[in-house]
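The values are calculated or read from the model by the stated rules, or taken from the named source; none is laboratory data. The structure displayed is predicted, hence computed values, not measured ones. As a convention, Cβ positions derive from the backbone with ideal geometry for all residues, glycine included, and neighbour counts pool all protein chains shown.
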Amino acid sequence: MDTLHESTLDEPVWNTIKRDLGLIGRRLKLVILPKVTAVEMQAELRDWDLWGPLFICMTLATVLSVEASEDASLIFSLVFLIIWCGSFIVTLNAQLLGGAVSFFMGVCLLGYCVFPLLVGAFFCIFFTAVLPTAIAVILRFVTVVLLLIWSIMAVTAFFADVKLPQGRKLLAVYPVFLFYSGVAWMILVGFQEHK
Amino acid sequence: MATMAANSKGEFLEPDYGAADTSHYVENWDQPSLEPSQTTASVHLSYLKNFFDLDTSDFLLRCRRALFPIGKKILDNPDNEEADIYGWVWIPTTVILVLSVNSSLFVFFSALFHQQDASVSHISGVNFRKFWIFSVLVYGYNIVIPAILWGVLVCTTSRQPILHLFCIYGYSCTSYIFASLISIIPFEVIYIVSFVIASIVSSITLFRNIFSEDEVSESTRSLYLFKIIATLLHVAFGIGLLMVFLYGT
């Protein structure tokens, strides 16, 4: 064990970064393809990390605040706050319903599953910039709804391994649905103030 | 007895205090007193878990009974008669979120339908101000009024458990979820009517369920009076929601 620690301390920084990026990438792949075997998911859930959720949350907050027409820093901190507080409340709810999920495990899971919505935010920017407004609005709406469903499916698949007592899965997933719908609404509508 | 002594060189020695009485000292005072597996947080959590002890079928059954107040009472299920806090947390939250989203969508759709803005792009950004107003109204009402009611009832012969009151107030908001879903339709008549119906249903639910089964007798005038007052307040709450939806900036 000591030699293992020593080897990771002495390794070049690039190796550490590459390893962490690989970890994030692996988890993102799990989120994008939610129908994986249960064993893999249990292993992923136990080794929570907060780099991925932080990266996703910061990117989303940046995208939304760039799109905003006023007070970008307020929007940035607001999105940050909403995502982390929302994750905390939803995880607390799952714990109270009897799920065997620790706080950081839940926050990690919910942070990673925001990734499809982040992709939706990029699509929204692209549509608004390239297409005429009427088509852009419709496409934005359709895209965000589809990606919202994708996010919720990913969370539902992970929640199957949280070891909730029988017959409570819907109770635990419903707040997730509310939370992600709120985030999707922020992405869809943006923060522009039209005069 | 402390004595100051000077040795032959004239330096002062430390006074001799004698042996201290350490029998009242706490041993291991610097070690955490709880076992490692049982921190303060997990004790609080396991206490709160008692209030979330329900299945999906229980929750849906209670919501259905809240929507159709003629029939069994909300908590009248032989399998699970325990009051829960899950409904009190998430049903008002749903109402707030749906109303905030729909209030901005309402402006958008009414502009679209009434041809004021032919272009589809005039949808204003997320309106947090209305969200805050709704949050304060709904959460404030659902926290303050049951607490006041419980405080008042404690002084009377009827002792209602405070959990029961919070639970009933939470579930009585179920009909407002449907009214707020209907409020996306931009025609004022439709959603005013739906809000009025939701207020009536919600108030009847509250009226029927507000006292738990071990109520002595409802013929006591003061208790009946409290029931009437609570129901009227609930109707006012529904009208308040409608006003904020229509006229909140």
### Summary
Residues of region A:172-191 being of a type in the set (Ser, Thr, Tyr) and more than 10 Å from every other protein chain (Cβ to nearest Cβ), in sequence order, are A:Tyr180
### Task
Could you check how many residues of region B:168-199 are touching a Phe, Trp or Tyr at 6+ places or on another chain (Cβ under 6 Å) and closer than 22 Å to B:Ile74 by Cα?
3
### Task
Out of the residues in region B:73-97 that are hydrophobic (A, V, I, L, M, F, W, C) and away from chain A (no Cβ under 14 Å), state the one that is nearest to the chain's Cα centre (by Cα).
B:Ala83
### Message
Considering only residues that are within 14 Å of chain A (Cβ to nearest Cβ) and either at positive phi or in a loop (DSSP other than H, G, I, E, B) (or both), which ones fall in region B:52-72?
### Response
B:Asp53, B:Leu54, B:Asp55
### Message
Residue under question is A:Lys163, and the condition is that it be away from every other protein chain (no Cβ under 13 Å), surrounded by fewer than 21 Cβ atoms within 10 Å (Cβ to Cβ) and within 23 Å of B:Val89 (Cα to Cα); does it hold?
### Response
yes
### Task
Would you be able to tell me the number of residues in region A:166-183 that are over 24 Å from A:Ile56 (Cα atoms) and surrounded by 18 or more Cβ atoms within 10 Å (Cβ to Cβ)?
3
### Query
What's the number of the condition A:Val142 fails, among (1) among the aliphatic types (A, V, I, L, M); (2) at pLDDT below 90; (3) closer than 17 Å to A:Gly86 by Cβ?
(3)
### Task
Looking for whichever is part of a helix (DSSP H, G or I) and either closer than 22 Å to A:Leu188 by Cα or in contact with a strand residue (DSSP E or B) (Cβ under 7 Å, 6 or more places away or on another chain) (or both) here; the options are A:Ala157, A:Ala134, A:Ala94. Which one fits?
A:Ala134
### Task
Give A:Ala61, A:Ala38 a once-over and let me know the one that is of a type in the set (Gly, Ala, Ser) and modelled with pLDDT under 90.
A:Ala38
### Task
Among what's in region A:128-149 and is crowded, with 19+ Cβ neighbours inside 10 Å and not β-branched (Val, Ile, Thr), pick the residue that is farthest from the other protein chains (Cβ to nearest Cβ).
A:Leu147
## Note on the structure
Matching residues in region A:59-91 (under 15 Å from A:Trp185 (Cα atoms) and among the charged types (D, E, K, R)) number 1
### Task
Take the residues in region B:209-243 that are within 13 Å of B:Ile168 (Cα to Cα) and modelled with pLDDT of 85 or more, then tell me which one is surrounded by the fewest Cβ atoms within 10 Å (Cβ to Cβ).
B:Thr231
### Task
Could you identify the single residue in A:Val176, A:Val144, A:Val137 that is free of Cβ contacts under 8 Å to residues at least 24 places away in the same chain and among the β-branched types (Val, Ile, Thr)?
A:Val137
